[in-house]
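Enquirer: The structure that follows is given in the form of structure tokens.
The values are calculated or read from the model by the stated rules, or taken from the named source; none is laboratory data. Fair warning: this is a prediction, and the values are worked out from it, not measured in the lab. Note: ideal-geometry Cβ built from the backbone for every residue, glycine included; neighbour counts use all protein chains shown. For the accessible areas, the whole protein counts, side chains as well, though only heavy atoms, and no ligand, DNA or RNA atoms are used. Shrake-Rupley method; radii C 1.70, N 1.55, O 1.52, S 1.80 Å.
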Amino acid sequence: MEEQPLSPLSIQSTPHIQTETSLKPLKKSFVSSLMEVALLKSPSFKEDTYLVSKLKSSEKKALQELKERLSTNASIIESDLMWGVSLLSGDERADVILLKFLRAREFKVSDALTMLEKCFVWRKEFCAEKIVEEELGFKELEGVVAYMHSYDKDGHPVCYNAYGVFKDKEMYEKYFGDEEKLKKFLKWRVQVLERGIKLLHFKPGGVNSIIQVTDLKDMPKRELRVASSKILSLFQDNYPEMVARKIFINVPWYFSMLYGIFSPFLTQRTKSKFVIVREGNVAETLYKYIRPENIPVQYGGLSPTGPLQNSVPKPASEFTIKGGEKVNLEIDGVEAGATITWELVVGGWELDYSVEFVPDSEKSYTIAVQKAKWMAASEEPIYKSFTAKEDGKLVLSVNNTNSGRKKVAAYRYIVRQPTA
């Protein structure tokens, strides 16, 4: 057969999305309304410019002064390399890094210089410039606890963090049982971040920061208090302005309420980087920032976790299923002998899924490719194929009529036409 890759919305004629509504969405409870108030976030963070020409005059002056003072104090540091960039080179990449330290210290040159010098010392002790290539023995945690996975819609590399596995006492003791184990874990966590930083441009107008997605589901708060504190301190001191947005997902209700209480004491800049997401709203929120084909399957996307692939994933189409609604995705114009392969995912599932093939001939019968099946919340994306024996259309149905909750979904497909 001849394979004909098609965009999700261009198979001979555009697939139709039909909706049927039989249940009005449920009204929000008083508690839900309070939760939404607690979760209101500040206007989205706007990444700072690294174009020197667009800096304020005071900021330009601070940058120049920091360069001069760093050059004067060059004897204090053995190497001026940081993330593979010479900070004394005077090129635009060095400016990007120096501006990060200045912004972290509100353009106070002395404070930024002190932070830089301490960072140089720490990176030497930690062997941070070479850590990416080291084998640290944490294969078991890769792709589970902390890992880089694809990019957001603006091209920022995305780092996922999920510490729920440490709810298991044996796992906790294995990696945090004593001070030496904690040090090794911290080194591995730095390695993950350094791998993400390797993907940054360090150029004005380029991608100069990452996205952090932290899953709080089942995270043992008390047990990881020391480790979390050390990771946070280490990152704040040595990786200034490296995170464009911090998305906290599967957030328990008490965390949301506490954030609502303490948020007035946070700076507008800090709050603008935070996105707080309750359990059940994960896929809907992530879809706003990351395309579904780049989101891990466990969070309602179509991308299996693991190392970044060399090939670019095929784009997926997004759609919304309202509460009380049934959505039919019709892929028509399917020729006899053609094979359709599709992927479909619904964030949080908990609805019925079915597939049928409807022949063009009125004398033929509709084929139930997949009888109605209840999809649990934990279900992974569907990946199926069907070969048509006659001309017709394939209809994928997701039935949300028994729920009042809106859900986000994504799908993509490819058609392999029969050879002549």
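Enquirer: In this structure, does Glu284 turn out to be open to solvent by less than 70 Å² (accessible area, probe 1.4 Å), closer than 25 Å to Ser378 by Cα, over 19 Å from the mean Cα position of the chain (by Cα) and at pLDDT 90 or above? Before you say what the answer is, go through the steps one by one.
Expert: On the way: open to solvent by less than 70 Å² (accessible area, probe 1.4 Å): yes; closer than 25 Å to Ser378 by Cα: yes; over 19 Å from the mean Cα position of the chain (by Cα): no; at pLDDT 90 or above: yes.
So Glu284 fails the test.
Enquirer: Still on this structure, please answer the following. Test each condition in (1) modelled with pLDDT of 95 or more; (2) within 16 Å of the chain's Cα centre (by Cα) for Phe202 and report the one that comes out false.
Expert: With (1) modelled with pLDDT of 95 or more; (2) within 16 Å of the chain's Cα centre (by Cα) applied to Phe202, the lone miss is (2).
Enquirer: With the structure loaded, tell me whether His156 is within 20 Å of Tyr50 (Cβ to Cβ), in the same structural domain as Trp253 (by the TED database) and touching a residue at least 40 places away in the same chain (Cβ under 8 Å) or whether it fails that test. Walk me through how you get there before you give the answer.
Expert: Details: within 20 Å of Tyr50 (Cβ to Cβ): yes; in the same structural domain as Trp253 (by the TED database): yes; touching a residue at least 40 places away in the same chain (Cβ under 8 Å): yes.
Criteria met by His156.
Enquirer: Quick check on my filter: what residues within the range 226-256 are of a type in the set (S, T, N, Q) and open to solvent by 30 Å² or more (accessible area, probe 1.4 Å)?
Expert: Applying the first criterion (of a type in the set (S, T, N, Q)) to the range 226-256 yields 228-229, 233, 236, 238, 250, 256.
Within the range 226-256, Ser228, Ser229, Ser233, Gln236 meet the criteria.
Enquirer: Determine whether Ala409 is aliphatic (A, V, I, L, M) and either part of a loop (DSSP other than H, G, I, E, B) or surrounded by fewer than 20 Cβ atoms within 10 Å (Cβ to Cβ) (or both).
Expert: Details: aliphatic (A, V, I, L, M): yes; either part of a loop (DSSP other than H, G, I, E, B) or surrounded by fewer than 20 Cβ atoms within 10 Å (Cβ to Cβ) (or both): no.
For Ala409, the condition - aliphatic (A, V, I, L, M) and either part of a loop (DSSP other than H, G, I, E, B) or surrounded by fewer than 20 Cβ atoms within 10 Å (Cβ to Cβ) (or both) - is not met.
Enquirer: Just one of Asp91, Asp154 is open to solvent by 60 Å² or more (accessible area, probe 1.4 Å) and not small (Gly, Ala, Ser); which is it? Break it down stepwise before answering.
Expert: On the way: Asp91 fails: open to solvent by 60 Å² or more (accessible area, probe 1.4 Å).
It is Asp154.
Enquirer: While we're looking at this one, here's another question. In this structure, does Thr270 turn out to be of a type in the set (Ser, Thr, Tyr) and without any contact (Cβ under 8 Å) to a residue 40 or more places away in the chain? Let's see the steps before the verdict.
Expert: Numbers: of a type in the set (Ser, Thr, Tyr): yes; without any contact (Cβ under 8 Å) to a residue 40 or more places away in the chain: yes.
The answer is yes for Thr270.
Enquirer: How about the range 53-105: which of its residues are basic (Lys, Arg) and in a helix (DSSP H, G or I)? Step through it out loud before you land on a result.
Expert: Residues of the range 53-105 basic (Lys, Arg): 54, 56, 60-61, 67, 69, 93, 100, 103, 105.
Residues satisfying the conditions are Lys54, Lys60, Lys61, Lys67, Arg69, Arg93, Lys100, Arg103.
Enquirer: Could I ask something else about it? How many residues does the range 196-250 contain that are among the charged types (D, E, K, R) and in a loop (DSSP other than H, G, I, E, B)? Full working, then the answer.
Expert: Here is the first cut: in the range 196-250, the residues among the charged types (D, E, K, R) are 198, 203, 215, 217-218, 221-223, 225, 230, 237, 241, 245-246.
Next cut, in a loop (DSSP other than H, G, I, E, B) only: 198, 203, 217-218, 221-223, 241.
Residues meeting the conditions: 8.
Enquirer: Which residues, counting only those in the range 127-171, are part of a strand (DSSP E or B) and among the acidic types (Asp, Glu)? If you could, list the steps in order and put the result at the bottom.
Expert: Just the residues of the range 127-171 that are part of a strand (DSSP E or B), to begin with: 142, 146-151, 157-162.
The one that is part of a strand (DSSP E or B) and among the acidic types (Asp, Glu): Glu142.
Enquirer: Given the conditions (1) over 17 Å from the mean Cα position of the chain (by Cα); (2) open to solvent by less than 20 Å² (accessible area, probe 1.4 Å); (3) of a type outside the set (Asp, Glu); (4) assigned by the TED database to the domain that holds Arg278, and given that Lys167 satisfies all but one, which numbered condition is not satisfied?
Expert: The single condition Lys167 does not satisfy is (2).
Enquirer: Next question, about the same structure. Looking at Met148 and the list (1) touching a Cys at 6+ places or on another chain (Cβ under 6 Å); (2) open to solvent by less than 20 Å² (accessible area, probe 1.4 Å), which single condition is not satisfied?
Expert: The single condition Met148 does not satisfy is (2).
Enquirer: Where residues in the range 328-349 are on the phi > 0 side of the Ramachandran plot and surrounded by fewer than 18 Cβ atoms within 10 Å (Cβ to Cβ), which of them is nearest to the chain's Cα centre (by Cα)? Write out each step before concluding.
Expert: Of the range 328-349, the ones on the phi > 0 side of the Ramachandran plot are 333, 337, 348-349.
The next check asks that each one be surrounded by fewer than 18 Cβ atoms within 10 Å (Cβ to Cβ); those that pass are 333, 337.
On the way: Gly333: 35, Gly337: 39 Å.
Checking each candidate, the answer is Gly333.
Enquirer: May I ask you to list the residues in the range 174-202 that are more than 15 Å from Ala244 (Cα to Cα) and in contact (Cβ under 8 Å) with a residue 60 or more places away in the chain? Working first, answer last.
Expert: So the first thing to find is which residues in the range 174-202 are more than 15 Å from Ala244 (Cα to Cα), and the list is 174-192, 194-195, 198.
Those that are more than 15 Å from Ala244 (Cα to Cα) and in contact (Cβ under 8 Å) with a residue 60 or more places away in the chain: Lys187, Val190, Gln191, Glu194, Arg195, Lys198.
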